[in-house]
Amino acid sequence: MRRKRRIRLGWSPAAALAAAFLPVVAMSPRRPMVAGPHTVAGLAEQCRATGSTGRALADEAVVAVAHAFPYYSLWHVWETPERALASHRGWSHQYNTVLLLVLRELGFKARLVHAARVRGFQNPWWLRGHTWAKVDVGGYELDACASSAANRVGSVNFIPLTRELPLRRVTRWALGTWMIAFVVLEVWRAWLGGREVAPWVYGRKGSRGTGSPS
């Protein structure tokens, strides 16, 4: 009796995702023209030039980074934070990593944290997480987030609903990989439907009245 030959899919699903992903990368929006510093050092120098100190200086960092990222983008999730800054677009892992680096450049002690769910952004159910900075000011560790230029240290436009956890490298890569499939699916649906992509993929920050999607 002959054994039935099993169909081996191998890497077919991964290959299909890669084939769908490459056009999404190739057709991603080009960088917007934005005046101002394009590096962490440049942003830090801009903040120092205001003459502010202490908490006011940390606030300057929040505002400077928020203005340096006028566009929210998951379409460029693969870019490093520094590259995202030069392109003036990114998501919370990117723009708040830049905020962290600027704060440290200014002499503050800061770290990144992540929560699986926050309230304050209008997102799909699977995009309710957020990454932001915690900065030490006068012995107190305060929230800092560049999702909106209206944010200030200790006063942000979201509320964590789950436990705050340190953002580790593995978390950053895992979340980025998780997002790619959703981004590819949404971009292809938009192309095939002849419409714009959803704001949670790419759009000007503040266009939905909530600062930034994530």
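The values are calculated or read from the model by the stated rules, or taken from the named source; none is laboratory data. From a predicted model like this one, the values you see are computed outputs, not experimental measurements. Quick reminder, even Gly has a Cβ in these numbers, built from the backbone with ideal geometry, and neighbours come from all protein chains shown.
Data for the structure
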read-out: Residue that is surrounded by the most Cβ atoms within 10 Å (Cβ to Cβ), among those in segment 58-77 that are touching a residue at least 24 places away in the same chain (Cβ under 8 Å) and touching a Cys at 6+ places or on another chain (Cβ under 8 Å); value: 61
read-out: Per-region count, segment 188-214, residues β-branched (Val, Ile, Thr) and at pLDDT below 85; value: 1
read-out: Filter result for the condition that a residue is outside any loop (DSSP other than H, G, I, E, B), among the small types (Gly, Ala, Ser) and under 19 Å from residue 203 (Cβ atoms), over 56, 66; value: 66
read-out: Single unsatisfied condition, residue 80 versus (1) more than 22 Å from residue 179 (Cβ to Cβ); (2) surrounded by fewer than 16 Cβ atoms within 10 Å (Cβ to Cβ); value: (1)
read-out: Qualifying positions in segment 42-57 - within 10 Å of residue 106 (Cβ to Cβ), surrounded by fewer than 16 Cβ atoms within 10 Å (Cβ to Cβ) and either touching a helix residue (DSSP H, G or I) at 6+ places or on another chain (Cβ under 7 Å) or at pLDDT below 95 (or both); value: 52
